[in-house]
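Engineer: Before I ask anything, here is the structure I am working with.
The values are calculated or read from the model by the stated rules, or taken from the named source; none is laboratory data. Note that the coordinates shown come from a computational prediction; the quantities given were computed from them, not determined experimentally. With ideal geometry, Cβ positions are generated from the backbone for all residues, glycine too; neighbour counts draw on all protein chains shown.
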Amino acid sequence: MALAQNLELISTVGRIGVAIAWERVGPRPVPVDASHVPVSAEAITPDWLTEVLCRDLPGAAVTDVRTEGGDDGTSTRRYLALAYNAAGESAGLPHRIFTKSTASFGSRLLLGVTGIVRGEAAFYNYARPSLTLRSPTAYFAGFDADSFRSLVLLEDLTQRQWTFPDPMDNPVDRADAEDIVSEIAAYHSAFWDSPRFDADLRELEPTPQWRENVNRKVGFAKRMMTGLERAKDVLPGVLYSQREEICPALTESLALHTGAPQTLLHQDLHLGNWLRDDTGRMGLYDWQCVARGHWALDVAYALGGCLDVDDRRDWEEDLLRLYLERLADGGVQTPPSFDAAWLAYRQQTLHGLTLGLFALGGNRFEPELQPRGYTLCAIDRLAQQVCDLDSLTALAV
């Protein structure tokens with residue numbers, strides 16, 4: 001079985017290499033309509049954008065498109081500046097949009113091979129339109145299964161004076177923390193035990209399968225343990241002494257997803273993925289790790305990763321009660337009791353910690369997922385949460 005999986009992975013890596021080489025040295029594929037995924041932001045044409053943005057606006061057309069700014073990391077990010085004909089202008093179409101793509105070999109290995117971007121496309125195409133959140137909407141989200149490339153076109157929220165603060169300079173106060181759990185409850189309640197997971201959202205994997213897939217294809221456990229050694233100075237001594245128990249405990253925590261109500265999970269709720277709207281209220285973005293599973297995973301990661309340790313200790317019980325109230329407000333007929341929720345919260349802290357350790361454990365050939373200083377700060381908070389809540393013991397209940 002392992003041999004077959006390794007051969008499949010080698011074959012996939014080869015396909016990605018050939019696809020990228022052809023995209024760079026061969027005739028550049030010209031996207032014709034919305035069924036085609038452009039190879040990068042630079043490959044997007046006015047005709048393709050007309051198909052995507054103007055399909056319900058007779059006579060409207062994109063006349064010019066230019067790439068502007070951006071950066072390269074886990075994904076390739078660019079802005080597009082757009083011009084329209086008179087019909088497009090009168091329709092109020094956006095003059096600037098934000099793009100995310102997997103244009104590089106490294107990003108396709110991490111995000112494409114693991115299927116992460118397939119789930120992100122499903123979220124933007126099918127889940128996001130029905131949600132009321134402080135979060136961007138998409139004009140297009142596509143994944144090409146042959147080349148493993150992907151592209152998402154998002155509204156440019158900076159045009160509405162929304163901001164994306166540096167997480168090292170974005171302190172979270174009590175009102176912010178209440179916004180965080182309320183936003184999580186909004187999308188959790190909307191998809192609580194939803195039949196759509198067997199219909200239009202079937203591309204969203206259950207978290208245990210999502211994790212197993214990532215673990216197998218990118219060597220998660222080995223890289224996570226490398227990150228743990230690099231983070232030794234910020235880890236509580238008691239947790240470092242229990243380091244060999246972390247992976248088995250994570251497996252135990254994932255097994256608990258199977259018997260829990262299934263809901264939509266963001267899964268990557270560290271502070272760097274929270275924005276602020278034009279009034280300063282917090283909202284969530286970057287849905288590339290979306291899956292379905294146990295609600296407590298998102299709540300534990302958000303509170304552990306976003307709050308100062310002392311604030312989290314002081315507020316977490318009240319915030320959990322508020323989350324449960326917001327679930328009921330959102331239509332969940334039988335939210336968990338507080339006692340059951342508190343145990344579940346304690347049992348789901350390892351997801352966030354192990355993702356932080358994984359981010360720190362990469363080699364020089366892999367894209368840096370987050371700046372090192374920020375990653376260490378997040379690991380410090382998340383590791384303290386695991387210890388404060390005695391999560392390893394809670395998983396033995």
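Engineer: With Val332, Val309 as the choices, which residue is of a type in the set (Val, Ile, Thr), under 25 Å from the mean Cα position of the chain (by Cα) and surrounded by 20 or more Cβ atoms within 10 Å (Cβ to Cβ)?
Structural biologist: Val332
Engineer: Now a separate question. When you go through Ala359, Ala383, Ala291 one by one, which is the residue that is at pLDDT 95 or above, under 25 Å from Val117 (Cβ atoms), in the same structural domain as Leu235 (by TED's automatic domain parsing) and out of contact with any His (no Cβ under 6 Å at 6 or more places or on another chain)?
Structural biologist: Ala291
Engineer: Okay, moving on. Identify, by number, the condition in (1) in contact with a Leu (Cβ under 6 Å, 6 or more places away or on another chain); (2) surrounded by fewer than 20 Cβ atoms within 10 Å (Cβ to Cβ); (3) not hydroxyl-bearing (Ser, Thr, Tyr) that Gly373 doesn't meet.
Structural biologist: If we test Gly373 against (1) in contact with a Leu (Cβ under 6 Å, 6 or more places away or on another chain); (2) surrounded by fewer than 20 Cβ atoms within 10 Å (Cβ to Cβ); (3) not hydroxyl-bearing (Ser, Thr, Tyr), just (1) comes out false.
Engineer: Just the residues that are under 14 Å from Ser391 (Cβ atoms), touching a residue at least 24 places away in the same chain (Cβ under 8 Å) and outside any loop (DSSP other than H, G, I, E, B), please, taken from region 241-271.
Structural biologist: Residues satisfying the conditions are Glu245, Ile246, Cys247, Ala249, Leu250, Glu252, Ser253, Leu254.
Engineer: Identify, from the list Ala122, Ala138, Ala127, the residue that is at pLDDT 95 or above, small (Gly, Ala, Ser) and under 22 Å from Thr207 (Cα atoms).
Structural biologist: Ala127
Engineer: Checking the structure you have, find out if any residue of region 272-293 is in a helix (DSSP H, G or I), more than 27 Å from Trp162 (Cα to Cα) and polar (S, T, N, Q).
Structural biologist: no
Engineer: For region 126-140: of the residues being touching a residue at least 60 places away in the same chain (Cβ under 8 Å) and of a type in the set (S, T, N, Q), which is surrounded by the most Cβ atoms within 10 Å (Cβ to Cβ)?
Structural biologist: Across region 126-140, the extreme among qualifying residues is Ser135.
Engineer: Tell me, yes or no, whether region 72-91 has at least one residue that is assigned to a loop (DSSP other than H, G, I, E, B), touching a Phe, Trp or Tyr at 6+ places or on another chain (Cβ under 9 Å) and surrounded by fewer than 19 Cβ atoms within 10 Å (Cβ to Cβ).
Structural biologist: Yes, there is a match, as at least one residue in region 72-91 is assigned to a loop (DSSP other than H, G, I, E, B), touching a Phe, Trp or Tyr at 6+ places or on another chain (Cβ under 9 Å) and surrounded by fewer than 19 Cβ atoms within 10 Å (Cβ to Cβ).
Engineer: Is there a residue being hydroxyl-bearing (Ser, Thr, Tyr) and in a loop (DSSP other than H, G, I, E, B) anywhere in region 339-351?
Structural biologist: Checking region 339-351: at least one residue is hydroxyl-bearing (Ser, Thr, Tyr) and in a loop (DSSP other than H, G, I, E, B).
Engineer: Across region 176-215, which residue is modelled with the lowest pLDDT among those that are charged (D, E, K, R) and surrounded by fewer than 17 Cβ atoms within 10 Å (Cβ to Cβ)?
Structural biologist: Glu212
Engineer: Specify which of the listed residues (Val218, Val238) is more than 30 Å from Ser135 (Cα to Cα), outside the structural domain of Arg128 (by TED's automatic domain parsing) and touching a residue at least 60 places away in the same chain (Cβ under 8 Å).
Structural biologist: Val238
Engineer: While we're looking at this one, here's another question. Kindly establish whether Asp169 is crowded, with 19+ Cβ neighbours inside 10 Å, within 26 Å of Gly304 (Cβ to Cβ), among the acidic types (Asp, Glu) and at pLDDT 95 or above.
Structural biologist: no
Engineer: Go through (1) over 14 Å from the mean Cα position of the chain (by Cα); (2) over 13 Å from Ile184 (Cβ atoms) one by one and return the number of the condition Cys289 breaks.
Structural biologist: Cys289 satisfies all of (1) over 14 Å from the mean Cα position of the chain (by Cα); (2) over 13 Å from Ile184 (Cβ atoms) except (1).
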